[in-house]
Amino acid sequence: MRTIITILLFFFFVAGAATAQKDYSYLDNEKGTSMEPILAAADPLVRKVEKESFEIVRMEYDLIFDKKSTFRNLYKGWTYGIVAFGDYRIKDIDLTVYKERRGRWEKVEDDSENDDVATVSIKPRRDANYKIVISVYKFKKGYSVGHYGLLIFHE
């Protein structure tokens, strides 16, 4: 049975994750260092998540050259949605989630579709530490760096 989070993530994915793919490059500065484009891309995603009465438990933004890892404890009894998205310079972003088990990282979910938004849904069977890896598979022509955003939310 599909949870509401899975349905919402399906909407992001099938509907093109909507506005994260919109070009906000006009908000950047001359040096290409402004966070405004990625913040503008996040706004409609945050609105969609909150409109469905989900609680965002983490928001993260950073510069990315190839991949970044971040960590989060996820808890039994909750279903989490994780969305990674790129700014106007990122053509294809991927997301892989690993669970720590006995000192090792085991892959539990990934989204490696060909677009600038990646989504996964996780429902932990027990409390555990998770590693979330955001990877840029492909930049748009002329770029080798960009900003990414990450949202983690739950029902």
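Looking only at the range 40-55, which residues are open to solvent by 60 Å² or more (accessible area, probe 1.4 Å) and either free of Cβ contacts under 8 Å to residues at least 24 places away in the same chain or in a loop (DSSP other than H, G, I, E, B) (or both)? Even if it seems obvious, please write down each step before you answer.
The initial filter retains those residues of the range 40-55 that are open to solvent by 60 Å² or more (accessible area, probe 1.4 Å), namely 43, 47, 50-53, 55.
Passing the criteria: R47, E50, K51, E52, S53.
Just one of R72, R58, R101 is open to solvent by 30 Å² or more (accessible area, probe 1.4 Å), at pLDDT below 95 and not hydrophobic (A, V, I, L, M, F, W, C); which is it? Don't jump to the end; show me each part of the working.
Working: R72 fails: at pLDDT below 95; R58 fails: at pLDDT below 95.
After ruling out the rest, the residue left standing is R101.
Condition first: open to solvent by 60 Å² or more (accessible area, probe 1.4 Å), in a strand (DSSP E or B) and not acidic (D, E). Now tell me which residues in the range 109-136 satisfy that.
Correct list: empty.
Which of the residues that make up the range 75-94 are surrounded by 21 or more Cβ atoms within 10 Å (Cβ to Cβ) and closer than 11 Å to I122 by Cβ?
Within the range 75-94, Y80, G81, I82 meet the criteria.
Determine, yes or no, whether Y98 is in contact with a helix residue (DSSP H, G or I) (Cβ under 8 Å, 6 or more places away or on another chain) and not aliphatic (A, V, I, L, M).
Against the criterion (in contact with a helix residue (DSSP H, G or I) (Cβ under 8 Å, 6 or more places away or on another chain) and not aliphatic (A, V, I, L, M)), Y98 does not qualify.
Within the range 137-152, restricting attention to residues that are of a type in the set (F, W, Y) and either open to solvent by less than 20 Å² (accessible area, probe 1.4 Å) or part of a strand (DSSP E or B) (or both), which residue is nearest to I82 (Cα to Cα)?
Y148
Using the structure shown, decide if K22 is open to solvent by less than 80 Å² (accessible area, probe 1.4 Å), modelled with pLDDT under 95, over 12 Å from the mean Cα position of the chain (by Cα) and of a type in the set (K, R). Even if it seems obvious, please write down each step before you answer.
Numbers: open to solvent by less than 80 Å² (accessible area, probe 1.4 Å): no; modelled with pLDDT under 95: yes; over 12 Å from the mean Cα position of the chain (by Cα): yes; of a type in the set (K, R): yes.
Criteria not met by K22.
The values are calculated or read from the model by the stated rules, or taken from the named source; none is laboratory data. Given the structure is predicted, the values throughout are model-derived calculations rather than measurements. Here Cβ is always computed from backbone atoms with ideal geometry, including for glycine, and neighbour counts include all displayed protein chains. Remember, those area values only see protein heavy atoms, side chains included, never the ligands or the DNA or RNA. Shrake-Rupley method; radii C 1.70, N 1.55, O 1.52, S 1.80 Å.
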